[in-house]
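**Student:** Pasting a structure below so you can have a look.
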Amino acid sequence: MKKVENLETIFIATTSIDDQPKVEEELLEKLTQTKNWDGRLLHKYKGFWCPTRLVLPLVSIEKQFQSDYENIIDFIILATLPKSGTTWLKALIFSIINHHDHHQKSQLLTSNPHELIRFDFDIMYKTPPQSSIIFPKIFATHSPYDALPSSIQQSHSKIIYLCRNPLDQFISTRFFVLENNFEGENEPSTIEEALEMFIKGIHPFGPFWKHMLGYWYASLKDPKKVLFLKYEDIKGDTLLYVKKIAEFLGCSFSKEEEENGMIEDIVRICSFEYLKNLEVNKDPSGEFMNVKYSSFFRKGQMGDWANHLTISLAKSFDEFLKEKLGDSGLTFEIFTSTQEHAHDD
Ligand code: A3P
């Protein structure tokens, strides 16, 4: 059974995963593996370090997209590295896309953003064996650009990529993992050891610089297809970026909507403080893929790395980052002007 519908879109295809466990074993055996600082296993899949439990869902997606190539529709894909602001991006996109529909838009007040726009691997995870896959028109991914199904790259799908100062992303990941204690029996490495692994590119969906550069170059090549955003820029002027995103997606706000303060409303409702304090996101029983909703809202600040890492570590990281990003044109401002001239005591 195959079916393609438009906007609220559903992409349904029959899956046959009878022999998946065998395929999984065989596939995983062929891939290089390593352990992350928290003890979790990562497998090198399509050039990136994939959390082991997500390899098979991603392989299935790839197959599904290949077999349904002739029916490929234009998806909207939100791509991020974990802890780069995905939850925020999901909330913003959901509100922007549904800005004409008050009822639909208000779902953000009663649902966690991850329930409204799902991840590709989460969709596969929740699909029982031998049943149909329901693929929404809008979904999120952590996969690097080069690892996306080729049919997505060839279609007119739109991709919105959000990245973040990698040191803040590293710190955010560190606290997220420690809070959720995924592998309780393992003693996690120190923050310095974890940073060393991060610099080697060993972290979920890493190396981070390859992840960013993949989407960066894709956005330079085809800016109508890939919108490249930074967390810090959106923080600086959320209103401007809500407008930019709406334009990019072809659903700009009318003059009347602007005058009625609709964009300001979206900015407010998607803000860190507002989302964090919604009952649904505070509910201790609310979970997404075994992670408490509240875990997706920690501090929501820029430059939190400075509360956990020394200036000298950050300076050598900055050197490393500049070297990796080379003359790509992609840059990050790690330091405030005061930090730039500071030294560790
Ligand atoms: P911190 O840990 O630095 O606070 P992701 O959504 O990709 O998992 O990223 C989580 C990070 O985004 C966390 O960063 C979280 O606090 C922050 N975040 C969540 N919602 C946000 C929002 N509405 N505005 C800004 N930052 C947000």
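**Student:** Could you list all residues from region 189-211 that are surrounded by fewer than 18 Cβ atoms within 10 Å (Cβ to Cβ) and either acidic (D, E) or in a loop (DSSP other than H, G, I, E, B) (or both)?
**Tutor:** If the condition is that a residue be surrounded by fewer than 18 Cβ atoms within 10 Å (Cβ to Cβ) and either acidic (D, E) or in a loop (DSSP other than H, G, I, E, B) (or both), then S189, T190, E192, E193, E196, K200, G201 are the ones that fit.
Results for (1) more than 16 Å from the ligand (Cβ to nearest atom); (2) more than 24 Å from the chain's Cα centre (by Cα); (3) open to solvent by 50 Å² or more (accessible area, probe 1.4 Å); (4) closer than 25 Å to S111 by Cβ, shown as yes or no for each residue.
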| position | (1), (2), (3), (4) |
| --- | --- |
| K230 | no, no, no, no |
| D237 | no, no, yes, no |
| V242 | no, no, no, yes |
| K255 | yes, yes, yes, no |
| S271 | no, no, no, yes |
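**Student:** Only residues in region 302-325 that are at positive phi count as the first member; pair them with residues that are modelled with pLDDT under 95 and loosely packed, with under 13 Cβ neighbours inside 10 Å, Cβ under 7 angstrom, at least 6 apart or cross-chain, and list the lot.
**Tutor:** G303/T336
**Student:** Looking at I334, is it assigned to a helix (DSSP H, G or I), among the hydrophobic types (A, V, I, L, M, F, W, C), more than 10 Å from the ligand (Cβ to nearest atom) and buried (at least 17 other Cβ atoms within 10 Å of the Cβ)?
**Tutor:** For I334, the condition - assigned to a helix (DSSP H, G or I), among the hydrophobic types (A, V, I, L, M, F, W, C), more than 10 Å from the ligand (Cβ to nearest atom) and buried (at least 17 other Cβ atoms within 10 Å of the Cβ) - is not met.
**Student:** Among the residues of region 62-89 satisfying the criterion of being modelled with pLDDT of 90 or more and of a type in the set (A, V, I, L, M), which is farthest from the ligand (Cβ to nearest atom)?
**Tutor:** I76
**Student:** Of everything in region 107-136, what is at pLDDT 85 or above and open to solvent by 40 Å² or more (accessible area, probe 1.4 Å)? Give them in sequence order.
**Tutor:** If the condition is that a residue be at pLDDT 85 or above and open to solvent by 40 Å² or more (accessible area, probe 1.4 Å), then Q107, L109, T110, E115, R118 are the ones that fit.
**Student:** Can you name the number of the only condition in (1) within 16 Å of the ligand (Cβ to nearest atom); (2) open to solvent by 70 Å² or more (accessible area, probe 1.4 Å); (3) of a type in the set (G, A, S) that S285 fails?
**Tutor:** Among (1) within 16 Å of the ligand (Cβ to nearest atom); (2) open to solvent by 70 Å² or more (accessible area, probe 1.4 Å); (3) of a type in the set (G, A, S), S285 violates only (1).
**Student:** Here is a follow-up. So in region 288-305, with the set limited to residues that are of a type in the set (A, V, I, L, M) and within 11 Å of the ligand (Cβ to nearest atom), which one is most open to solvent (accessible area, probe 1.4 Å)?
**Tutor:** Filtering first and then ranking leaves M302.
**Student:** Does F139 qualify as being open to solvent by 10 Å² or more (accessible area, probe 1.4 Å), under 22 Å from R53 (Cβ atoms) and not basic (K, R)?
**Tutor:** Considered against the rule, which asks whether it is open to solvent by 10 Å² or more (accessible area, probe 1.4 Å), under 22 Å from R53 (Cβ atoms) and not basic (K, R), F139 comes out as no.
**Student:** From S189, S252, grab the single residue that is without any contact (Cβ under 8 Å) to a residue 24 or more places away in the chain and of a type in the set (S, T, N, Q).
**Tutor:** After applying the criteria, what remains is S252.
The values are calculated or read from the model by the stated rules, or taken from the named source; none is laboratory data. Predicted, not measured: the structure shown is a model, and the values here were computed from it. For neighbour counting, all protein chains shown are included, and Cβ atoms are generated from backbone atoms with ideal geometry for every residue, glycine included. Each accessible area value is taken on the protein alone, full model and side chains, heavy atoms only, with ligands, DNA and RNA left out. Shrake-Rupley method; radii C 1.70, N 1.55, O 1.52, S 1.80 Å.
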